[in-house]
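Report on the structure given below.
The values are calculated or read from the model by the stated rules, or taken from the named source; none is laboratory data. Fair warning: this is a prediction, and the values are worked out from it, not measured in the lab. Quick reminder, even Gly has a Cβ in these numbers, built from the backbone with ideal geometry, and neighbours come from all protein chains shown.
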Amino acid sequence: MPNAPVPNPSERAAPAPAPMKAAPRDSGPADAGVPDRSPLKSHFLSIGLCALSAVLLIAVVLLWGRVGDRDNSIVQGQNRLDQAQAAVLALQTQLADAKAGSARIQKRMDETKAESAQLRTESATVTSDAAKLQVLLDKSRVISTEFQTQMEDAKVASIKHQGEVELAQAQTAVMQTQLDNSRADAVRLQAQLAESRTLSADLRAKLEKDERVIAQLPKPPAKS
């Protein structure tokens, strides 16, 4: 595992000392003059062990640094992996949103196409209706022109008729005046007639009276 502690080489068991050769037995006077070298060897062996320990310590320090770097690299890689996974998840979410948006846009496009087709149909209907209305408008204009002409003719006829009416009214006024005069004359004549009748009655009465008087007068003698 990356976090497992690396064993320190300095903590390992020291290597077992090499088996020492058995000291030769005293062979006699021939070895009496050779000096004993065991302390010197022990000194060199201690120096070698210290150097080896220092080397191992340096190696452990370097290895520990490399392990730390590797752990940091692993952590950074894990972080980058998490970021990449988060980015992939975000991209998947964006892709899903884009698909949903694309579906909505496609649906809107279909609705727009349907509305456009309906508007074309309505436009064709309106154009046809406009053509029919234009025909009716032209007919109405012709009728209006004819009616305007008739109105002008009617105005001329009305003016002419107005003159005739005014002349007729003047003639009627004259005739009314003559009628009034005739009525006045008739009244006067009626009065004169009544007066004449009265005079005639008076004259008849006088005549009858005179006749009665004459009848009462003596008759003259007859001539022989």
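Computed values, structure above
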quantity: Some residue of the stretch 104-127 being aliphatic (A, V, I, L, M), in contact (Cβ under 8 Å) with a residue 60 or more places away in the chain and surrounded by 10 or more Cβ atoms within 10 Å (Cβ to Cβ); calculated: no
quantity: Single residue of 146, 111, 164 found to be modelled with pLDDT under 85, part of a helix (DSSP H, G or I), on the phi < 0 side of the Ramachandran plot and not hydrophobic (A, V, I, L, M, F, W, C); calculated: 164
quantity: Exclusive hit being at pLDDT 85 or above and charged (D, E, K, R), set 188, 212; calculated: 188
